[in-house]
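A.B. asks: My questions all concern the structure below.
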Amino acid sequence: MSSVNIIEDIEEWRQRYVDWRDSSGRTTDDVGDRYPFVKNRRAPFTPARRALPMLNLALISSAGAYIDGTEPFDTTAIDGDFRFKEIPVEVEPEDLRIAARGYNTASVEQDINVQIPI
């Protein structure tokens with residue numbers, strides 16, 4: 001099985017990110033116009049070779065969802081919290097919480113499906 005590089009030139013992007021972080025002097029969540037967004041020339045797409053019911057799928061989201069009773073994401077980290085948290089398919093919507101900054105999470109708390117499709 002071959003690995004897919006989501007970011008085509010990750011070392012170049014990391015250097016642009018460090019340069020931006022060190023020179024931005026930001027004190028808010030606003031990343032500004034100079035943020036080094038990833039620029040890929042191609043999308044890392046591989047066609048499925050089996051029927052969906054036979055596949056193991058994962059959804060990776062930056063929604064900040066976590067299971068109640070576990071440690072929430074750190075919303076105070078200046079560079080963000082890049083940890084992955086596994087949410088089993090059997091989890092009930094009322095057992096999920098959201099740790100996010102930059103927006104009011106009240107709507108998400110009313111209907112978790114707006115962020116995490118269950």
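Read-outs throughout are calculated quantities, based only on the coordinates presented, and are distinct from any laboratory measurement. Quick caveat, the model's predicted, so the values are computed rather than measured. Using ideal geometry, Cβ is built from the backbone for each residue, glycine included, and neighbour counts are taken over all protein chains shown.
A.B. asks: Towards the positive end of the charge dipole of the chain, with charges on Cβ (+1 Lys, Arg; -1 Asp, Glu), say which of F45, T75, G25 has the farthest Cα.
C.D. replies: F45
A.B. asks: May I pose another question? Order these by the 10 Å Cβ neighbour count, fewest first: Y66, Y35, Y17, Y103.
C.D. replies: Placing the least packed residue first, the sequence is Y103, Y35, Y17, Y66.
A.B. asks: Moving to a separate point now. Could you pull out the GluC sites (Glu not before Pro) across the stretch 33-118 that fall in loop regions by DSSP (anything but H, G, I, E, B) with no more than 10 other Cβ atoms inside 10 Å?
C.D. replies: In loop regions of the stretch 33-118 (DSSP not H, G, I, E or B), the sparsely surrounded GluC sites (Glu not before Pro) are E86, E90.
A.B. asks: As a footprinting exposure proxy, order E92, E8 by other Cβ within 10 Å, with the fewest listed first.
C.D. replies: Least to most surrounded, the residues fall as E92, E8.
A.B. asks: Further, regarding this structure: Compute the length gained on full extension between L59 and V18: take 0.36 nm times their separation in residues and subtract their Cα-Cα distance, giving the result in nm to one decimal.
C.D. replies: Extra length from L59 to V18 when fully extended: 12.0 nm.
A.B. asks: Given charges of +1 on the Cβ of Lys and Arg and -1 on the Cβ of Asp and Glu, with all other atoms neutral, how large is the dipole of the chain about its Cα centre, in debye to the nearest 20?
C.D. replies: 680 debye
A.B. asks: Just the projected area, averaged over all directions, of the convex hull on the alpha carbon atoms of the stretch 64-118: how many nm²?
C.D. replies: In nm², the orientation-averaged hull projection of the stretch 64-118 is 3.9.
A.B. asks: How big is the chain along each principal axis, measuring the range of its Cα positions in Å and listing the largest first?
C.D. replies: 45, 39, 21
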